[in-house]
Amino acid sequence: MGEAINFVVTCCIMSYIQPCKSAIANISLSLNLFLLGSLCITEHWWISNLYIATETLELIFILIPLMSHILVFVWAGYKLTSYTMRRCGYHSNPHGCRVALVNAVNMCLHRRRRGGYQEMT
């Protein structure tokens, strides 16, 4: 249990002093230290408390490490989507996200050639 307290305290200290150069690196460091503390607490529960079902603890051991990966996948999806929208010439559209996405895809698919006619790519 002492390791869990150390991880959580270190997480709080790192989030306060922010030793990394970028904000995302500081957030990642703090989150991963917090997740390690959570894993230590779960391990302590697994060893000392027999009233918690093993299946529940197994699920916790699977979900805690997945949380950091899910956040990275969401961030990567956001970056990929914003890059694609910028590359296709997307500009803010007041009619909603769905119309804007359809327009951006149409702009990418219907490119004009030098001769003046449209070509489906």
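Do we find a residue being open to solvent by 60 Å² or more (accessible area, probe 1.4 Å) and more than 21 Å from Leu71 (Cα to Cα) anywhere in the stretch 35-43? Yes - at least one qualifying residue is present in the stretch 35-43. Going through (1) of a type outside the set (Phe, Trp, Tyr); (2) within 24 Å of Glu3 (Cβ to Cβ); (3) open to solvent by less than 60 Å² (accessible area, probe 1.4 Å); (4) modelled with pLDDT of 80 or more one by one, Ala76 falls short only on (2).
Can you tell me which residues in the stretch 46-66 are touching a Leu at 6+ places or on another chain (Cβ under 7 Å) and at pLDDT below 80? Once the filter is applied, which keeps residues that are touching a Leu at 6+ places or on another chain (Cβ under 7 Å) and at pLDDT below 80, the stretch 46-66 yields only Trp46. Residue pairs whose Cβ atoms lie under 9 Å apart, separated by 6 or more positions or on different chains, with the first residue in the stretch 1-14 and at pLDDT below 90 and the second not in a helix (DSSP H, G or I), are Met14/Cys20.
The values are calculated or read from the model by the stated rules, or taken from the named source; none is laboratory data. Keep in mind that this is a model prediction, so the values were computed, not measured. Positions of Cβ are generated from backbone atoms using ideal geometry, with glycine treated the same way; all protein chains shown enter the neighbour counts. For accessibility, only protein heavy atoms count, side chains too; no ligands or nucleic acids. Shrake-Rupley method; radii C 1.70, N 1.55, O 1.52, S 1.80 Å.
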